[in-house]
Amino acid sequence: MCGIAGVVTSEPGSIDADRVMSMTAMLNHRGPNECGLHVEPRAVFGHTRLSIVDLAGGCQPMSNDDGSLWITFNGEIFNHVEVREELVSKGHRFRTESDTEVILHLFEEHGTAAVEKLNGQWAFGIWNTRSQTLFLSRDRIGVRPLFYTVVGCRLLFASEIKALFVDPEISRELDPCALDNIFTFWTTLPPRTPFKSVRALPPGHSLLWRHGIATVWQHWRPTFACVGDDRPNQSSPEMLRTALDDAVRIRMRADVPVGAYLSGGLDSSVIVALMQRRNARLRTFSIAFDNVDFDESHHQRELVRALNLDHAEMRCSIADISRVFPDVVWHAESPILRTAPAPLFLLSQLTRDSGYKVVLTGEGADEVLGGYDIFKEAKIRRFWAKFPGSDRRASLVRRLYPYLRNLQRQPAQYLQAFFHTSPEDLASPWFSHLPRWRLTARLKLLLSEDMRAAAADYDAFSDLAATLPLEYGDWPPFTQSQYLETAHLLPGYILSSQGDRMAMAHSVECRHPFLDPDVVAFASQLPPTLKMKVLNEKYLLKQAARDLIPASIRTRTKQPYRAPDGAAFFGSRRDDYVADLLSPSQVKRDGVFRPAAVAALVRKFDRGQATSAKDDMALVGILSTQLLVDRFINHFEAVNPWNGSFRTFVHS
Amino acid sequence: MERLIQDIRAFIVENFLFGDNSTPVAFSDDDSFQERGIVDSTGILELVCHLQERYAIAIADDELIPENLDSLSKVARFVERKRQPQPVVNHAR
């Protein structure tokens with residue numbers, strides 16, 4: 001796992017190589033082991049390396065045999081062993097054991113279609129010295145980040161936005177439409193990023209830059225069976241188990257020890273159990289909370305005992321969350337509406353300090369195999385629409401959210417009304433997400449007049465509609481919900497703000513077996529009833545896990561991963577930055593939010609009267625945005641590239 | 001009554017609309033809080049706590065119904081009713 005950066009130009013001599021070195025140095029946390037630079041008149045590539053595969057031979061940027069192709073690569077190719085064998089049989093000769101070199105040879109063989117043969121998580125750039133073209137690509141689901149921007153004759157790309165901002169020609173300005181996105185969907189719709197000048201290469205996309213013109217295309221997207229496709233489905237739990245076991249097997253490939261994150265839920269427990277069969281002394285890492293509402297350590301310990309795991313626990317308090325939150329936002333590079341990334345930031349620190357660079361996680365199971373409460377909620381709301389007189393409404397919602405205390409206390413009539421279903425809602429292409437998005441969109445009331453005016457003509461839902469696949473309308477409702485989660489929240493928040501960014505902040509690489517392309521393909525053709533049987537989520541996975549994990553974990557009520565939100569910043573000891581950034585004068589200076597609205601919200605938290613999910617999202621959303629403005633706009637600082645302790649290679 | 005409605009409106013605007021009472025979230029005295037999305041799923045409890053504290057009234061669980069609480073005028077009427085001296089009922093033991 002690594003950090004990549006680069007600049008290409010249509011005018012030779014217009015790239016400052018030292019500046020690319022500075023860009024690369026901004027990514028030291030992603031790759032503290034080595035740093036490399038490749039310099040040509042029209043292309044300069046940088047790379048910071050976290051050495052995992054072929055520790056001695058995998059230095060980057062790397063070239064092919066004749067030096068006609070140069071690559072800077074962040075990620076892992078899990079099927080590199082099999083692809084290498086295939087290429088060797090076709091006459092390719094390898095100099096190293098690294099997966100990086102496999103990409104180069106595969107590109108020689110197949111050109112830009114090479115990515116279709118990769119099983120992995122990647123973001124890379126390949127410079128073709130003969131055609132003077134740049135090829136950028138990002139993995140199917142969007143595990144690895146990749147951003148770019150075009151300034152005049154130059155295209156700049158990097159793993160993180162902060163590297164692009166080293167170039168003074170790149171403006172650092174928030175995009176009001178991005179805030180509109182985040183304060184509705186919890187993420188931006190790619191290629192939009194929180195900053196006007198920067199684009200994200202969307203998941204499953206590639207880009208070819210030639211003579212100053214960039215072309216972007218989609219190389220992969222999720223596909224599902226359509227309504228009416230009633231071909232018999234022979235999928236069995238054993239087939240899922242085999243696919244998952246293989247996904248785990250190839251993700252344990254590394255020249256360093258591989259550990260796992262353990263939440264205590266079904267998904268990570270399944271992964272840990274499959275890993276433990278291959279490594280009897282498996283090392284696992286968990287988050288535990290002081291607050292019992294969020295804590296799952298009881299379940300974690302149960303699995304640790306059952307599988308005899310070598311386990312380490314990071315106990316997280318609200319003071320910890322507040323303390324690290326500025327660093328969390330610096331790494332997330334986006335406004336966030338939850339503090340949930342903060343404990344994961346601390347967990348990667350524990351993992352690194354324990355001597356581990358690689359962990360497997362259970363991420364992706366809820367999207368791929370149908371686990372989220374939002375899928376269940378949509379089923380219930382459809383049931384209500386069909387039986388409007390049913391008096392079981394409130395009890396169904398209470399059953400759906402047993403962990404939400406406030407919701408449990410709500411009067412039945414109010415619950416029924418809040419989750420009411422109108423005929424217009426039923427016809428919506430994003431029916432499942434309407435309650436969540438409507439609630440979140442209330443946060444836009446916090447925005448300043450200027451911010452709202454700047455996005456007044458912008459319609460996020462038109463943007464969303466434009467991204468939907470043509471056959472989306474032919475998919476069953478359950479599948480449509482799955483698609484929305486998989487295409488947007490998963491890469492835009494779960495795998496980034498809670499995933500790559502928090503892990504790489506401490507040089508830890510996460511690998512996700514549930515997002516293996518074979519597992520995803522298998523899951524995609526499953527009928528919805530095998531994913532959620534009535535209201536029993538991840539049904540097939542539970543069947544597949546029958547003899548793997550204790551029954552108590554397999555059948556326990558699902559508890560989504562959450563952390564203390566707004567209250568974390570209003571404990572007995574308050575960090576100075578909270579008061580500074582939320583002060584009316586600072587809010588007014590930054591111009592993003594209405595000072596009176598922020599002051600009213602702060603008063604509410606001060607008095608301990610903020611109890612709703614909306615208030616929590618509002619406070620965390622405001623504070624993270626203010627931190628983003630502070631660190632990326634008001635006080636942005638580039639690091640000195642020559643202060644690094646890593647080895648540096650320069651090819652030119 | 002008018003004063004009461006103003007007070008409750010101020011609370012609703014500050015607590016549920018982040019102090020914003022401009023269009024498109026402006027609402028009339030008779031607009032349904034739920035239909036207009038003004039009071040969210042947990043908001044009703046906040047409103048009830050506020051009413052109990054501010055107007056020194058006790059609200060029973062079976063009074064937590066939209067007929068009492070789903071618009072400014074309904075809330076105001078409900079509060080007025082609750083502030084009237086309640087008949088004393090002696091329960092036989």
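Okay, here's what the table says:
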quantity: Residue among B:Glu46, B:Glu14 that is without any contact (Cβ under 8 Å) to a residue 24 or more places away in the chain, of a type in the set (Asp, Glu) and within 9 Å of another protein chain (Cβ to nearest Cβ); calculated: B:Glu14
quantity: Considering residues of the stretch A:289-305 that are outside any strand (DSSP E or B) and hydrophobic (A, V, I, L, M, F, W, C) only, the residue surrounded by the fewest Cβ atoms within 10 Å (Cβ to Cβ); calculated: A:Val292
quantity: Residue identified as over 24 Å from A:Val115 (Cβ atoms), free of Cβ contacts under 8 Å to residues at least 40 places away in the same chain, hydroxyl-bearing (Ser, Thr, Tyr) and in a helix (DSSP H, G or I) among A:Ser462, A:Ser497; calculated: A:Ser462
quantity: Subset of the stretch A:423-464 [hydrophobic (A, V, I, L, M, F, W, C), farther than 22 Å from A:Trp384 by Cβ, within 12 Å of another protein chain (Cβ to nearest Cβ) and crowded, with 18+ Cβ neighbours inside 10 Å]; calculated: A:Leu443, A:Leu445, A:Leu446, A:Leu447
quantity: Which numbered condition B:Asp31 fails, given (1) within 15 Å of B:Val79 (Cα to Cα); (2) surrounded by 15 or more Cβ atoms within 10 Å (Cβ to Cβ); (3) away from chain A (no Cβ under 13 Å); calculated: (1)
quantity: Every pair of residues 6+ apart whose Cβ atoms lie under 7 Å, when the first sits in the stretch A:530-544 and is in contact (Cβ under 8 Å) with a residue 24 or more places away in the chain and of a type in the set (A, V, I, L, M) while the second is crowded, with 20+ Cβ neighbours inside 10 Å and not in a helix (DSSP H, G or I); calculated: A:Met532/A:Gly370; A:Leu540/A:Leu526
quantity: Test result for A:Phe632, modelled with pLDDT of 90 or more, over 30 Å from A:Arg49 (Cα atoms), crowded, with 17+ Cβ neighbours inside 10 Å and of a type in the set (Phe, Trp, Tyr); calculated: no
quantity: First in the stretch A:198-211 and within 15 Å of A:Gln121 (Cβ to Cβ) and free of Cβ contacts under 8 Å to residues at least 60 places away in the same chain, second anywhere and crowded, with 20+ Cβ neighbours inside 10 Å and among the charged types (D, E, K, R), Cβ under 8 Å, 6 or more apart; calculated: none
quantity: Extreme residue, nearest to A:Phe325 (Cα to Cα), among residues of the stretch A:573-613 that are crowded, with 19+ Cβ neighbours inside 10 Å and of a type in the set (D, E, K, R); calculated: A:Asp590
quantity: Breaking point among (1) in contact with a helix residue (DSSP H, G or I) (Cβ under 8 Å, 6 or more places away or on another chain); (2) closer than 17 Å to A:Glu509 by Cβ; (3) among the β-branched types (Val, Ile, Thr), for A:Thr72; calculated: (1)
quantity: Of all residues in the stretch B:51-83 being at pLDDT below 85 and in a loop (DSSP other than H, G, I, E, B), the one that is farthest from the other protein chains (Cβ to nearest Cβ); calculated: B:Ala60
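The values are calculated or read from the model by the stated rules, or taken from the named source; none is laboratory data. These figures come from a predicted structure and were not determined experimentally. Glycine gets a Cβ as well: all are built from the backbone with ideal geometry, and neighbour counts include every protein chain shown.
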